[in-house]
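**Student:** First the structure, which I've put down as structure tokens, then a few questions once you've had a look.
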Amino acid sequence: MSRLIYADNAATTQMDSVAFEAMKPFLTGEYGNASQPYSFSRRPKKALQDARETIAACIGAAPEEIFFTSGGTESDNWAIKGSAFLNTRKQATVTSAFEHHAVLHPCEVLERNGYPVSYMWPSREGYITTEIFRKYINSQTYLTSVMFANNEIGTIQPIKELCTTAHRNGSLFHTDAVQAVGHVSLDVHDLGVDMLSASAHKFNGPKGVGFLYIRNGLRIQPYSDGGAQEAGLRAGTENVAGIVGMAAALKNNCDALEENTRHIRRLESKLVDMLDSSGIKYIRNGGAIRLPGFLSLSFPNADGETILHRLDLSGICISTGSACNSKRTEISHVLQAIRLEDSYAKGTVRISLGKANTEVDVEAIFKALTKIFRT
Ligand code: PLP
């Protein structure tokens, strides 16, 4: 069996050892329930507060604006349903057609409950521009949800401008920043967003834990009832170890953001340069403003599934689209939204490089692709 080359960091990332070490005490000796008043619970309780402060500092928020969740899907569901359902006038929601299903499916729930939702089509380069947004937003819009960065093509949306436009029209603004947090520098107050979703396993933290930023003063329905945790808005005993690991991982990534970005961008350019000079016919999806390490590549008249399996035989993990729908062979909703021609869309793969990848990995990926397309 060849050495594993993991190039699917948009699906999940390897947990950092700093996160694991930070979690260990709370998985073993420090098992006290953080809600209990006795001294044995002091350390877990303090660990939660420290984690909240660390995470808040990484995104420019106040600690009380950070609400721990079970991950990106929960954060998105909570933000969308929790805010829209408070609006008894059933005003509209605007989102984009290439959001993750963790946003699209809650929006379908809104529609089934009589709340209108409109879905903006991005440009062919994969952007929701303010010009596009202006065609959909009006004074009847209660909530806007646009992802910070797309999970298949990596394009980064002009969130600050979209948010300003939303607010001018009286709409709340949520962003699914699951792919961006820990990978690009962002500040919630500078952006002006009302809610922001994040997930630890996308930034080298543990799985099954995330957070939702809710701006101070914004009212949203509780996600769950039955306890006083998370200011009474998300009842349930906290996943202390997971939360501690998430904070450690986020701080670690944010501290090394520039260095990681430089390294990943260098690898990305190397792969693109090699492909460009190889004569292999392909296109790269999405415009130039995108997350580091994201390569959505379409090979004409090829089959993405077959490419994935051929690379798998060489020990290389990549994806055909977003991990959540990698079992399906149909063209993903993201590629449909950017109107990619069918002959290219079917032969699309997503390579997502991370900080642990090396030049050797990139050379191996190139070699494996060459074997497929040069024979
Ligand atoms: N939003 C985006 C943009 C994602 O890429 C993902 C995961 O792929 C999610 C939401 C869901 O996050 P989680 O896996 O933490 O539930």
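The values are calculated or read from the model by the stated rules, or taken from the named source; none is laboratory data. Since this is a predicted model, take the numbers as computed values, not measurements. Neighbour counts are summed over all protein chains in view; Cβ atoms, including those assigned to glycine, are modelled from backbone coordinates with ideal geometry. We work out accessible area using only protein heavy atoms, side chains counted, and drop any ligands, DNA or RNA first. Shrake-Rupley method; radii C 1.70, N 1.55, O 1.52, S 1.80 Å.
**Student:** For LYS24, LYS207, LYS135, what's the largest-to-smallest order of accessible area, 1.4 Å probe?
**Tutor:** The ranking, largest first, comes out as LYS135, LYS207, LYS24.
**Student:** On the protein heavy atoms, probe 1.4 angstrom, tell me the percent of accessible surface of the chain carried by carbon and sulfur.
**Tutor:** 52
**Student:** Right, next: Calculated FRET efficiency, LYS46 and ARG219, Cβ-Cβ r, R0 41 Å, to nearest 0.05?
**Tutor:** Approximately 0.90, to the nearest 0.05.
**Student:** Need the C-alpha centroid separation for the range 30-76 versus the range 197-267, integer Å.
**Tutor:** Each part reduced to its Cα centre gives a spacing of 9 Å.
**Student:** GNM, the chain, Cα, under 10 Å: largest mean-square fluctuation among GLY32, GLY170, GLY226?
**Tutor:** Judging by the Gaussian network model, the answer is GLY226.
**Student:** Thinking of the range 54-170 as a set of Cα atoms, what percent of all their pairs are more than 26 Å apart?
**Tutor:** When all Cα pairs of the range 54-170 are counted, 19 percent exceed 26 Å.
**Student:** Could you pull out the pairs from LYS135/LYS281; LYS24/LYS202; LYS45/LYS160; LYS81/LYS202; LYS207/LYS281 whose alpha carbons sit more than 31 Å apart here?
**Tutor:** LYS135/LYS281; LYS45/LYS160; LYS207/LYS281
**Student:** What nm distance separates the two modelled labels at ILE331 and ARG310, each placed 7 Å from Cα along Cα→Cβ?
**Tutor:** Once both label points are built, they end up 2.1 nm from each other.
**Student:** Just reorder ASP312, ASP176 by solvent-accessible area, largest first, 1.4 Å probe, all chains present.
**Tutor:** So the residues, ranked largest to smallest area, are ASP312, ASP176.
**Student:** What is the angle, in °, between the Cα long axis of helix 72-84 and the longest principal axis of the Cα atoms in the chain? Nearest 10 is fine, range 0 to 90.
**Tutor:** Approximately 60 degrees, to the nearest 10.
**Student:** Contact order normalised by length for the range 75-170, with contacts defined as Cα pairs under 8 Å and 6 or more residues apart; what percent is it? Can you show the working numbers first?
**Tutor:** Details: 139 pairs, mean separation 29.0, N = 96.
Averaging sequence separation for qualifying contacts and normalising by length gives 30 percent for the range 75-170.
**Student:** In addition: Relative to the first principal axis of the alpha-carbon coordinates of the chain, what is the inclination of helix 257-278, with its axis defined by its Cα atoms, in degrees from 0 to 90 and to the nearest 10?
**Tutor:** Roughly 20 degrees, rounded to the nearest 10.
**Student:** Near LYS270, which aspartates and glutamates are there with a Cα under 12 Å away, not counting those fewer than 8 places off in the same chain?
**Tutor:** Straight-distance partners of LYS270: GLU359, ASP361, GLU363.
**Student:** For the chain, set up a GNM with springs between Cα atoms under 10 Å and report which of PHE26, PHE173, PHE294 has the largest fluctuation.
**Tutor:** Among PHE26, PHE173, PHE294, the largest mean-square fluctuation in the Gaussian network model of the chain belongs to PHE26.
**Student:** Using only DSSP helix segments of four residues or longer, with each worth -39500 (n - 2.57), what per-residue ellipticity at 222 nm results for the chain after dividing by its residue count and rounding to 500?
**Tutor:** Numbers: 13 runs with 145 residues, N = 375.
Rounded to the nearest 500, it is -12000 deg cm²/dmol.
**Student:** Something else now. Once both labels are modelled 7 Å past Cα along the beta-carbon direction, what's the ASP342-THR28 spacing in nm?
**Tutor:** With each label point 7 Å from Cα toward Cβ, the separation is 5.8 nm.
**Student:** Something else about it: Leaving out ligands and nucleic acids, note down the accessible area per residue over the chain with a 1.4 angstrom probe, in whole Å².
**Tutor:** For the chain, the per-residue accessible area is 43 Å².
**Student:** Calculate, in nm to one decimal, what ASN87 and GLU259 gain on full extension: separation in residues at 0.36 nm each, minus their alpha carbon distance.
**Tutor:** Full extension of this stretch gives 57.5 nm more.
**Student:** Let me ask another. Starting from the Cα gyration tensor of the range 232-315, take the square roots of the eigenvalues, sort them a ≥ b ≥ c, and report rounded, prolate or oblate (rounded when a/c is under 1.5, otherwise prolate if a/b is larger than b/c, else oblate).
**Tutor:** prolate
**Student:** Given an 8 Å cut-off on Cα distances and at least 6 residues of separation, report the relative contact order of the range 17-255 as a percent.
**Tutor:** Rounded, it is 27 percent for the range 17-255.
**Student:** Classify the range 157-233 as rounded, prolate or oblate from the Cα gyration tensor: take a ≥ b ≥ c as the square roots of its eigenvalues, call it rounded if a/c is under 1.5, otherwise prolate when a/b beats b/c and oblate if not.
**Tutor:** Verdict is oblate for the range 157-233.
**Student:** Tilt of helix 240-255 relative to the longest C-alpha principal axis of the chain, in degrees (0 to 90, nearest 10)?
**Tutor:** On a 0 to 90 degree scale, this one is about 60.
**Student:** Right, next: What is the antiparallel percent of DSSP beta bridges lying wholly in the chain, to the nearest 5?
**Tutor:** Around 50 percent antiparallel, to the nearest 5.
**Student:** Then there is this: Can you find, among LEU186, ALA61, LEU308, the residue farthest towards the positive end of the dipole of the chain? Put +1 on the C-beta of Lys and Arg, -1 on that of Asp and Glu.
**Tutor:** Value: LEU308.
**Student:** Assuming R0 = 25 Å, what is the FRET efficiency of ALA228 and HIS105, from their Cβ-Cβ distance, to the nearest 0.05? Before the final figure, lay out the partial values.
**Tutor:** Details: r = 29 Å, r/R0 = 1.17.
The calculated FRET efficiency here is 0.30.
**Student:** State, to one decimal in nm², a quarter of the convex hull surface area for the C-alpha atoms of the chain, i.e. the direction-averaged projected area.
**Tutor:** Here the figure is 19.0 nm², rounded to one decimal.
**Student:** Most mobile of GLY205, GLY227, GLY242 per a Gaussian network model of the chain (Cα springs, under 10 Å)?
**Tutor:** Taking springs between Cα atoms under 10 Å, the residue moving most is GLY227.
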